[in-house]
Amino acid sequence: MPERAERTSLPKGRRTDYAGAIYGSLLAASVVATAGTAGEYPRFQLVLLLVITGLVFWATHVYAHLAGERLVGQPWSWREIRRVAGHEWSIVEAIALPAAALAVSPLLGMSVGAAFWLALGIAVAQQVVWACLGAVRAGASRRLVIAEGVANLTFGLIIVAAKALLKH
């Protein structure tokens, strides 16, 4: 029986997965930017769409990670599945703030359009923050931290421009 390879791709303790948080934020921005306002309850529908999309992408990332690490003929353990699922959970966490903003926007007297823009702005802002925090945590120079922030702001602004061009 072949020996099981040592897995070193994930840290042992519970640490923020900055890549997952950035990805989840970009995902949230994309969902908000491309969602139409059609429907009787557009805010509720978008919150639901964000949550479902986040959960599906999280599950897909968990599966892909597990499948990519699996040795031929070796089954996954529940411990391994829980470890990877916990590591990838930041994808879902990144959906939470834009979804919450949409959910409470009626209490703030916001129109549907304004609520969509608020959620998009929050998603882009947190994407930039997560990228910068990840760079700082990795020990990057100030110049590299700024470059990470600018790169992620650029990605987010591309999505904002697409939303503006589509006039949603």
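Read the figures in this text as sums done on the coordinates, not as results from a lab. This is a predicted model, so every value here is computed, not measured. Cβ sites come from the backbone with ideal geometry, for glycine too, and all protein chains shown count toward neighbours.
Assorted remarks:
- Cα centroids of the stretch 144-161 and the stretch 97-127: 20 Å apart.
- Ordering Ala67, Leu46, Val129 by the projection of their Cα atoms onto the charge dipole of the stretch 38-168, which places +1 on the Cβ of Lys and Arg and -1 on the Cβ of Asp and Glu, puts Val129 at the extreme positive end.
- Rounded if a/c under 1.5, otherwise prolate or oblate - the stretch 45-168, Cα gyration tensor axes: oblate
- From phi via Karplus (6.51, -1.76, 1.60), per-residue ³J(HN,Hα) for the stretch 137-149 in Hz, x at Gly/Pro: 4, 7, x, 5, 5, 4, 4, 5, 4, 5, 4, 4, x
- Over all pairs of different C-alpha atoms in the stretch 128-168, the reciprocal of the mean inverse distance, the Kirkwood hydrodynamic radius, equals 10.9 Å.
- Proximal charge balance of Glu148 [Cβ under 15 Å; K/R count +1, D/E count -1]: +3
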